[in-house]
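Reading through the structure tokens given below for one structure.
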Amino acid sequence: MTLSLDYKPVLMIVTVFIVLVFSNILQVYSVSDHQNHGAHNLTLNQLDSNLNEHDMLINKSPELYAEQIFESCQNVSDVNNIDNNHCPMMALDELNKTTTNRQLVLATFSELVRLYDETNYSCHHDGHHLGMWLYNYTGDTNESLKYATIHCGGSVYHGIFQSYFEGEQFSNTNVDKDQITITNLCPVGQENINWLHERDCIHGIGHGLIKLYDYDTVAAVDRCNEFVPIWTKSACSRGVFMENTEYFFETGKGDFDPNDNYSPCNTTVEKFASQCYYYYPAYYLVKNSLSLDYNLSDAFSNCDNISPAKFAKFCYQGMGRLLETAAYTNPELSIAACYVGNQTIYHKDCLLGTLKTIMKGDATTEVGFNYCSHTNLDFKAACYEIVGLWIQEFLSTTKEELESECAKAPDSDYIITCINANQKLDTDVPIFEPV
């Protein structure tokens, strides 16, 4: 693609956006941070004068508790130097001190996750931390999973298993990690369990495995082979590589060779390399100290140099994933960014990476339909078909409900495309991978 002078400002805006996104991604905290948060001695009264013990005792509704916590935590960090990720966890702990009603606390947790999902277009890290809190509160994976949803991109699942595998039961040096059973932790194939929940649950196990094996991606991803369907292996392995990348954001560490630009993706077993390269762009950009004058095309060029070349498409999908926030606020901008890559054959992969990320993060069709309405003709039909697949997989609709939902498409010519959506891949890995 040859860029005109008129197009260059678009690149600069996209570059600025990515810098802002990564400045937020860097705010990642470990489970131990939450477990030690009591050292702050912070009460809800200190968080917000409107959120004190008196209010907690008067209010009876989980919705009201959640709203109080959410509103207070949105305002408290700038004033009291408190991290937004920890604030809701600490508030839930404080609520637990004021009531003996366990179900009230858990219902408030559920309402809080819903609020974050409805209010923030990207609450993935919030969900991680709330998932950590949930497992630490219940001390039981089965009970925790009852309260996990695909809100905030399913990240509550991820946090549950991060805490589970970092628990004291596995910290003993005498524990044989390879003998820990993992395939029975998620309700795969059970009646009335939505497939997207199954997938995010197994993806969460991958997040936990990399911690269990102290950021050894080879050992962690090898355990993913214990799952049988291909999509479960994929979901698990993506959790491994995603958590490895986020650990790098947090600490500068992880399973990476500083002298090998494509590590660990180019050394992992081939069947999991595509999952690794999906998260690779995020690592590459942060590793190379992305700045405001960074050239977006260089990031795509780095994808182009991947060997074997067949894995470049997954790097393009990963680039699309990073355009999530722009897709919410300015769909045209995020779409234009995907066409910057030199390999035109993979432009649609970049668009796919964006679309499935915003669909999963928002858990509604509105954001997907809005994105599709701005796409070019070369992707528009596929875009509406993917939204149709989302409706089928997530909403588990009847034919009438599917038709009603697809009728919301702003481009009336593509309503039938949405309704007739059908999985079309050369493997049995469904299009909605964990993100």
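Numbers for the structure displayed
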{"item": "Residues of the stretch 241-260 classified as over 13 Å from residue 214 (Cα atoms), polar (S, T, N, Q) and buried (at least 17 other Cβ atoms within 10 Å of the Cβ), total", "result": "1"}
{"item": "Yes/no for residue 372 being in a helix (DSSP H, G or I), buried (at least 19 other Cβ atoms within 10 Å of the Cβ), in contact with a Lys or Arg (Cβ under 9 Å, 6 or more places away or on another chain) and not aromatic (Phe, Trp, Tyr)", "result": "yes"}
{"item": "Per-region count, the stretch 296-345, residues polar (S, T, N, Q), closer than 16 Å to residue 372 by Cβ and not in a loop (DSSP other than H, G, I, E, B)", "result": "1"}
{"item": "Subset of the stretch 362-403 (residues that are among the charged types (D, E, K, R) and within 17 Å of residue 327 (Cβ to Cβ))", "result": "362, 366, 380"}
{"item": "Complete set of residues in the stretch 389-403 that are in a helix (DSSP H, G or I) and of a type outside the set (Val, Ile, Thr)", "result": "389, 390, 392, 393, 394, 395, 399, 400, 401, 402, 403"}
{"item": "Residue in the stretch 404-412 that is in a helix (DSSP H, G or I) and of a type in the set (A, V, I, L, M) present", "result": "no"}
{"item": "Single match in 93, 117, 126 (criterion: crowded, with 17+ Cβ neighbours inside 10 Å, modelled with pLDDT under 90 and part of a helix (DSSP H, G or I))", "result": "117"}
{"item": "Residue within the stretch 262-283 that is aliphatic (A, V, I, L, M), assigned to a loop (DSSP other than H, G, I, E, B) and surrounded by fewer than 21 Cβ atoms within 10 Å (Cβ to Cβ) present", "result": "yes"}
{"item": "Flag if residue 389 is closer than 18 Å to residue 153 by Cα and free of Cβ contacts under 8 Å to residues at least 60 places away in the same chain", "result": "yes"}
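The values are calculated or read from the model by the stated rules, or taken from the named source; none is laboratory data. None of the values given here were measured: they were computed from a predicted structure. When we count neighbours, we look across all protein chains shown, and the Cβ atoms used for this are built from the backbone with ideal geometry, even at glycine.
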